[in-house]
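No lab work stands behind these numbers, since they all come straight from the coordinates. In this text the structure is predicted, and so the values were computed from the model without any measurement. Positions of Cβ are backbone-derived with ideal geometry, glycine not excepted, and every protein chain shown enters the neighbour counts.
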Ligand code: ATP
């Protein structure tokens with residue numbers, strides 16, 4: 001099966017750079033499976049997991065928004081944060097989830113409510129990726 005280079009970059013560091021067979025991302029318009037020689041495009045990503053298929057192995061990475069850019073020579077994911085399962089601190093994500101739930105249950109203006117909703121999504125995404133990884 002053909003391969004292409006996949007890079008996952010955050011503002012802090014390069015999290016991943018490997019030749020892979022396929023990457024499955026969740027864009028704002030739906031799920032997208034990218035193979036070698038996909039047409040160039042850019043699309044925003046949801047707070048979600050990315051699935052990478054390489055030889056017979058599968059890897060999963062938690063991302064918090066950002067973009068996927070399909071270039072002629074490679075696919076680049078620019079994410080606000082990205083963690084492989086082993087890098088996810090489960091207790092921290094549980095604490096973040098609890099904090100967000102408390103905020104959502106209390107008195108908050110619309111802005112704080114939206115922020116708590118996003119924090120809850122990030123925490124739940126990390127917990128799901130940790131469990132699947
Ligand atoms: P917290 O409230 O725990 O900081 P958060 O969702 O607000 O969570 P982010 O702003 O998305 O955190 O991420 C800030 C940095 O911390 C990023 O580098 C991200 O990879 C890292 N990070 C956040 N939560 C975890 C976690 N549970 N395990 C490992 N790294 C994490």
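Based on the alpha-carbon set only, what is the convex hull volume of segment 1-63 divided per residue, in Å³?
Convex hull of Cα atoms, per residue: 89 Å³.
Under a crude label model (7 Å from the Cα following the beta-carbon direction), how far is residue 99 from residue 7 in nanometres?
3.2 nm
Considering only DSSP beta bridges where both residues belong to the chain, give the percentage that are antiparallel (nearest 5).
Taking every DSSP beta bridge within the chain, about 90 percent pair in antiparallel fashion.
Over the alpha-carbon set of segment 89-132, divide Rg by the Kirkwood Rh and report the Rg/Rh ratio to two decimals.
We get a ratio of 1.03 for segment 89-132.
What percentages, rounded to whole numbers, describe P(r) for the chain computed over all alpha carbon pairs with 5 Å bin width beginning at zero?
2, 11, 19, 22, 19, 12, 8, 5, 3, 1, 0
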